[in-house]
Structure formats: C-alpha cells, structure tokens
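Working notes, beginning with the structure itself.
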Amino acid sequence: MPKSEPPTRLELLQGTLEVLILRTLLREAKHGHAIAKHIQRTSEDLLQVETGSLYPALHRLEAKGWIAASWELSDKGKRARYYRLTPRGRKQLVAEQSKWEAFSRAMGLILRPADQEGQ
Amino acid sequence: MISFFRKLWWLTQRRAREDELCEELQFHLEEEAEERTEEGLSKEEALRSARFELGNPAIVEENTRAVWGWILLEQLIQDLRYALRTMLRNRVFTALALLSLALGIGANTAIYSFMDAILLRSLPVSDPESLVVLNWHSKDPRGPRPNHVMHSMDGSDWVEGDGLSSGIFPFGVFELLRENNAVFSNLFAYYHSDKRNLTIKGEAEIAAGEYVSGEYFTGLAVPPAAGRLIIADDDRAGAPPVVVISAGLADRRFSGAANAVGQSVLIDNIVFTVIGVTPPEFFGVDPAESPDFYLPMHANLLLDRTVPWAVKPETYLERNHYWIQMMGRLRPGVTRAQAQAALAPAFQQWVAATASNPRELESLPALRVEEGAGGLGTLRRRYSKPLYLLLVMVGLILAIACANIANLLLSRAAARQREIAVRLSIGADRLRVLRQLLTESVCLAFLGGVLGVVLAFWGVNFLTVLLANGHEGFTLHAGLNWHVLIATFVLSVFCGAVFGLAPALQSTRAEVMSALKGGRAAERGWQSKLAFRRLSLSHVLVVSQIVISLLMVVAAGLFVRTLSHLQSIQLGFNRENVLLFELNARQAGHHDPEILAFYEELRKQFASIPGIRSATLSHASLLGAGRGVEILVSGKSAAPETRILHTGPRFFSTMQIPMLVGREIDERDTPDSTGVVVANERFVKVHFGTEDPLGRHITRGGPHPREMEIIGVASDAHYGRLKDATRPVLYIPYNQDQQRVQQMVYALRTTGDPLNYVPTVREIVHRADSRIPLVDIRTQAAEIDRTMNQEIVFARLCTGFAMLALVIAGIGLYGTTAYGVARRTAEIGIRMALGAQRGVVMRMILGQVLLFAALGIAIGLPAALGASRLVQSFLFGVKTDDPLTLGSAVGILFGAVMLAGYVPARRASRIDPIHALRED
C-alpha cells in the first residue's frame, strides 16, 4: 500500500464540523465527498470526517438556511449535489470564526504559560 | 416560524427527498471508490473499502432524515400505520384483545362514573373549596340517652369509629358560632323538612322542602334564576310567609322561572308567596336530596304547629334539643384545622353548660369542622362501601383482561421473534423497536378504551336503572363527564404500557444469531433456553386469571344465596295482590276529630270497589313501620324492642295474617268504644307465657296513658326491615290513640293485578278531596323488592361480573392452549407417528389445562375464604365459608376451563403426522 497511515487522527470536537464545512464552502460550491476530502487534506490528514456525521451535518446546515444545495454535473460529468454558502451562512461563519479564534487563544494562554515563564 | 413551514414542506416532499439522499450517498460511494482505485486498489476492493468507510448506509440515511423534520412525529405515524396493519392482519387476536379490554375498561368507567358522582364531585356553587360542614362526634353512643346532653335528636346520626357522629345542633350553637366571624365569612343553618302538600293553582302534589336560615343563599353564593332568594329579614318569627322554589318546580308548574315570581302557593294549606327561583343546577347542600322549595327557617312556627313534635318559639331556645344543621364559608386564608381549633373550645364550653349531671359531662360531643365542597356526606356514607366493593370487582376484571392481553402479546412476541431479530440485525435501534412494539399495545389499549367508553355509557344507564329500582325521585344522575373520560384514557394507556412493556422487552432481548438461523428448529433452540422463563410467565398469568375468576364466582354465589335467603323469609302475610298507597289528609287541611271519619269513609269506599276483596289502613306499611311507645304490662315496662302499628279495621283479613285466638280490629272499634289491642304471638310469649292473654289489660304510657284490652292474638308477621328479627308487636286502632293522626297507608287486597285499580282509587280520592295527592303507589311485592334493592343489584351485578371474568379468562386460556398446540405441532406429529392415540394426545393437552385449573383453585380457595370476610356485612343468612357456594364455584370453574381447553385439545388430536413433519 502506497498510502502511509497518518500519525494520529484527532476526534472532531462537538460542533466543530459545522464551522469547518462553512469555511470549506467559503470560496466555491462543493459536493459532500469533496468537502470531506478538503477538510482531510487541509488539516494534513489530522482530521478525518466520518461520512456518518458529514451528511446529517450538511442537511442540518441546510435546514438552518446557512448553506443551499443544488444538483449539478461534477468535473467527471456525474450528477452531484453541490452545496454553497448563503449570505446568512457567511455571517454565521464570521461569528463562529471569531468565537473559535478567541477560544483557541484562551486555550493557548492556559496551556502554554510554562513556556512563557521559561522565557 | 420559517423552519416550521420548511419542515412542513419537507414532510410533503419526503419521498423525493429520500431518493435524492440515496443518490447523494451513492455518488459519495462512487467518488470514494474511484479515488481508491486511483490509489491502486482493484475495483472490488476499492468499492468494499469505500463501503466500509461509509458505514451502514441505512443508519446514515436515518440520521440524515432525522434533521429534516419532526422525526418523532414521523416515526409515530409510521408506527401507528404499522400497528393498524398488524392488528388488521391478526383479526382474531385483535378482536379477542379489544373485547376483553373494552369489557374491563367499560365496567371500570361505569363504576367510576358513579364514584365520581357520589364521592368526588363538588357542589355547583362558586368556590366550593372554602365551604365546611359542622359535625360533632361523641364517644359513647350506646348508653341510654340521659347519659348525653343530646336529650332529644331530630335528624340523622351515624356510627363512626368508637362513637356517634351527627350534624345536628341546638339552635343556640348556631347563634354562638355565627358571632365568631374571625373564622367564617358566613355561617348558615338549614334542616330537611318532611314531605309537604304543595298546592299550586288548585292542583296538589307532594313536594320536598328545606328550611334555611337567612344566610343560606348568600353563604352558598347562589344567584337567583329569577326574583330574589331568602335573606335574613325573611327568617324571623312573624315575617310574611315567603318561599323560594327550584327551577325544576318552576318549569313544571309555572312553565318558567320568570312566571313563578309573585305567585301564591299553598303549603300544607297555608298561603306562601313565591319570591324567587334557584338556578337549574342547584340542588341544595345534600346530593342525596333535591328540595322542590326552600322556606325561611322560622316558617316552621307556621307550618309545624300541628304535628306531634310541634315547633314552638321555645324550640329555638331548647339547649338539649338537637335539630338544625350548619355549613360555613371560611375566610380567605383560614384553614379547616384553624377553624376547628378556634371554634371547638367555644362549643365545648357551651355544651358543658347544658349538662344536667356529671355523667353527661363525661361524654360531651366535640365539634368537627369537615370538608364541605362535596356537600353533606349522606350519599357518601350510604354508597361508598358498596361502590368501593364494586370498584374492586371491576378492577379485578380489568386485571384479568390485562393478563389476557399480556398473554396474547407474549405468545405473539415469540412468534414475531424472527421478524424482530431481522430488524435488529440490519441495524434497527433497540429503543426504536421497543417504541414500535409499545405503540402497538398502547394503540390496542386506546381502541379498547374507546370501545370501553361506549360500553360504559350503556353501563351507566343500566346501573342508574338498577340502583334506582323503583325509588321515586332518585337524585343520583351519574353521567360520563370529563373526569371519567380522562380516568378511562389514563387507565387504557396505562394498561397498554404495562402489558406492552413486558413482551416488548423480551422480544428485543432475543439473541439475534440463533433466532436468525431460521426454521422452527432454531426457534425451538433459543426457546429451550428461554422456555422456562417465558412459559412460566404465561403460566403465572393463566393461573392468576383462574384465581381471580374463582374469587368472582364465589362472590357472585354468596350474593345470590343472600338474595335467595331474603326472598324466602317468612313474611307471615300474603305479599301477592296487595296495592299500597299513602295519603296525608292533615297536610291538606283536615283536623281532629273529622280526619278520623274522613279516613274511615275513604276505606269503606275503597272496599266497595268491584274486585277489591277488602281494604284497610295503617300508619305505615308493615315493612316501612318502626314506631315504639312506652307500654306497661301489669304496671311494668314491656320489652324495649316492642313495636306498635296503628291500624284500621280489617287489617288482618286484608293482609291475610291468621288470627290465632280472639277477633281482629273491626268497625266496632270506634274512638269512643273500649280501648282494644291485638298482640302478636311473640308479644304473648314474652309477656304472658302460657297464660291466656285474652281479656288482659295493658297500658300505653306517655303523658296521656290509656288502658287497652287484648281482644286477639295474631300469628307473627314481619315488621320493619326485612333483615330484622321477629319482634313483639301490638296492633292498636289508629282512631283510639292520642297521637295525632298524620299520613295513612292504605292496603287493598285485589283480585288480579293490583295496579289495575290505581285509576279508580285516584278518582275516589279526588272526589273525596281534590287537595290530597296520592303518594308512593306500589304493590306489596314491589315494596319488598325495593327493600332488597342493594342485594338484588349486588346479586345481578356480581353474577354478570363473574360471567365476564369467566369469559375473559376462558378466552385467555383458549388462546394460550391453542398457541401451545400450534407450537408443538411437530412434536405431536412425531408422537402420533410413533403410535400415540388421539385420546392420549387429547388427554395430554387437557391434562395440562386441568393442572392450571387445579393450581388456580388451590390458590384461589384460601384467597376466596379470606376475601369473603370483607363482604360479610353485605351477606344475610349465608356464611362466608358456605360449602354449597364454594363447591359450585369450583364446579363452574372446572367446567369453564374444560370448555376452553377442549377445542385446542381436539385440534391437537386431529393433527396429521405427515403434514406436521413436512412443515419443518
């Protein structure tokens, strides 16, 4: 097998998948499989998206009106369901993003004070 | 809001959406597989690993669908549709289950409707919760009256715990407590008046009245339907005579409340003015009564001057005469306990001052402030015990019905084991399967409940007829109301949950693999593991059904025997072909001494009707009588249980009571002739032994003693209530006694149906005095049946219940046995192939059924012996361990069990070994 196993896979935190999907759709519309692959690649294979939770999440976001879906032809000419960000989704992404940045900064401050003391 | 409509829209687009989702997931799979092929895997391997990565597509779909809309609602609809389909597919099962549940729930609803009407419903007045009833309780009820401060009591009392309770008080107590307005915002008094002659526009009828104090209507906060209600100024000596009538009377006699106000009516020949009408739903404070009119309390000075127990202005001052009843409305924030704590000492002090000797001080009545929301407890005291007993019985029936359903479901759960195993193995959520099975049973229970309400509706009407059984003015009208409907609904859903849960839990516990292996062999495989537990559960259910049925059959037997004992009581007179009716000439305005001649003249006219063999009259009918006065024999008091009956001429020949010696009272005995008396056999035996009683003199005591000569001895005839023992009885001519003559009961010995003579009798009375209405017209036989009303109701109902229980248990036993035979088809086939005879197979099946019966009876008999002690007070002439009852109950039960077991046993014996073995 040419593919090497990623070192460790991270469990997705509760509620993070939705932000990741929104962020993935920021530039262009994608179908479900592409979204999963994009998240996997961009996170350097650290995050693995379970199909079992991807589709419920997509439909949940659609139900909330943050993304919209339409049937289009894929690069290879097959019918696929493409999701794109709605204006409300964009707003939501901005809000979520700043929330996550604040959260990760806070986590960092707490988890890394020893380094600072050492400096 | 938007999401609501979107969900609604999605719900309508479900089918298309599901297809889309399927396509979407399919696309995902293909993409994934393609990617893996590019990574170098073979096509099959790529597809396989993609599938593996995706997981169970059904679950992904399920989870995705969950975000679309109301998944719970959707699943519920699914479950319901599935449940209805299953029910339709198993018509016999559904019919059996619904029938037994409907019968159980129907009977419970009917009885509960009555409990609700009698025990739970509040008075139809505003804020009934703040009303309280005042009662007293005294420790020592049994001693002679001089031991009490209650020297005379006019009203009802009842034994409670170790003492006597009552709600009647001297008027002085009302005045005392009325002052205490820290507790009550209002205190009012009332008492029940006797039946009155009410003449409206020249037409007389007998009506029930209530005396009420001026605070009564304001205290109850009842608004008038027309005019005004009684106020304090109406309730004083010398006030203008006014009356408030009920809406029912106003409708009947004045065609509407508005027309009644201002009209004059005659009550016992005294003119009263109608000042107002009560609202239609109002029936006073006692659900057992429904007065036609309300009088100011002090009107009794006008109306009750002539009766022997005349009310005089002094009566209101009498401190040892107990006669008025009271209710109060508590001030906001005052509790019953606080009220009692505040009032009891004041009452205590007041009654202590009325004691005339130290013994009276020892057993003073103590005040009790009791709940008044439901009005007076008359009906509750009368019917609560029988109703609770009935409720226990129908509760048992429901238990049998539930056991039945549980058993049927249990059998079916085993049959559906494979279906459930398949569903679990393809990824169905266990909770989801449980929910679906529960939906099925609750659905079943709910339908049973609906059917039960229909049955109950019919049952309530039936019970009303049964309980009223000839009582005029039966005030109890139970209807199916919201309480009852809710109670039934809860009951049926609860049943569904209870009997649905056990089999549902068991079904989903199945070991998937062994159940899936298929074929009946496999089914038997896992069954042999579970067999012990499963079979024992269903066996326990069957045996307990038999136990309960036995209890019901024994109860029915005891009540039927009680009834037949009552019916075979030696009455001592001929009950057939006697017409009884009552009239009261005094209330219509007749006076002494003319009234005596009037009554006698009427008797003569009745006697001359063609077809009437003889006619007589007495102060009460033999079964309704209960009068005792002081009698002296040779200067000593006669036996205290001695009773008297004031009769007219020809009493003994009319009632066909044999005279043993001497003559009966006849036309020769006038007010002016020598005082005479006829004694019964028992009286003679007690007081004269073997001496000749004829010509002996006895004295009626009291303020005006009178000497009487014994002119005859009659054989013992039943006097008073049917269950009472024979007492010494004296028959005294009504026209020779000092007691003022009131109402009289005429008895006519007829040829043919007594009721045929009613029109002629009415005509004669109307011609004699049109102001006198005829009351309580009945045959002697009907009067006797009426006194056995409760026993008749119990015997009929219990027989019905016992049959119901037997039918339901029979259905259960049949179902279980039939199912057992179906399961053992292969085994029986092998047995028969090996040479077992049909008879042996049949005995094998019946043997098991009989084993259940024997076990049930072994448990049931001691239980029945124990439980029948609870109904002892309802029995007469039969002991709780009556061998005849127990024996026939056991016999009936065995018969029913054999019948239920015979059909499946016969089917088992007809099994064709070839077919049976080929099936596997």
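Read-outs: derived from the displayed coordinates by stated rules, not from any lab. The structure presented is a predicted model; accordingly, all values stated were derived computationally and were not measured. FYI the Cβ positions are ideal-geometry reconstructions off the backbone, even for glycines, and counts take in every protein chain you see.
Brief remarks on what is shown
- Equivalent-ellipsoid semi-axes of chain B, from the Cα gyration tensor, Å, largest first: 71, 38, 25
- Of all DSSP beta bridges in the protein assembly as shown, antiparallel share, percent nearest 5: 80
- Judged by the ratio a/c of the largest to the smallest principal axis of the C-alpha gyration tensor, the protein assembly as shown counts as prolate, that ratio being 1.5 or greater while a/b is larger than b/c.
- Cβ-based exposure ranking for B:THR64, B:THR218, in which fewest neighbours within 10 Å come first: B:THR218, B:THR64
- Judged by the ratio a/c of the largest to the smallest principal axis of the C-alpha gyration tensor, segment A:16-118 counts as prolate, that ratio being 1.5 or greater while a/b is larger than b/c.
- Positive-pole candidate from B:TYR731, B:LEU855, B:ASN756, dipole of segment B:724-855, charges at beta carbon: B:LEU855
- Across segment B:585-771, C-alpha contacts under 8 Å between residues 6 or more apart give a mean separation that, scaled by the residue count, equals a relative contact order of 32 percent.
- The order of the peptides A:51-58, B:597-604 by mean Cβ neighbours within 10 Å, most packed first, is A:51-58, B:597-604.
- Note on B:GLN349 and B:GLU62: the extension gain reaches 95.4 nm, defined as 0.36 nm multiplied by sequence separation minus the Cα-Cα distance.
- Rel. contact order, % - alpha carbon contacts under 8 angstrom, at least six apart, chain B: 14
- Take each residue in B:450-463, count the other chain C-beta atoms within 10 Å of its C-beta, and the mean is 0.
- Rounded, prolate or oblate (a/c below 1.5 giving rounded, otherwise prolate when a/b exceeds b/c) for segment B:733-818 by Cα gyration tensor: prolate
- Farthest toward positive dipole pole in the protein assembly as shown [+1 Lys/Arg, -1 Asp/Glu at C-beta], among B:VAL60, B:LEU119, B:GLY835: B:GLY835
- Mean partner shielding of peptide B:22-34, defined as the number of other chain Cβ atoms within 10 Å of each residue Cβ, is 5.
- Overall, chain B carries a charge dipole of about 2880 debye about its Cα centre when +1 sits on the Cβ of Lys and Arg and -1 on the Cβ of Asp and Glu, all other atoms neutral.
- Start at zero, step by 10 Å, and the Cα-Cα distances of segment B:585-771 spread as 9, 36, 36, 16, 3, 0 percent across the bins.
- Hz values of 3J(HN,Hα) by residue in segment B:647-664 - Karplus curve (6.51, -1.76, 1.60), Gly and Pro given as x: 10, x, x, 6, 5, 6, 6, 5, 7, 6, 9, x, 8, 7, 9, x, 10, 8
- Counting other Cβ atoms within 10 Å as a rough exposure proxy, the listed residues B:LYS201, B:LYS385 run B:LYS201, B:LYS385 from fewest neighbours to most.
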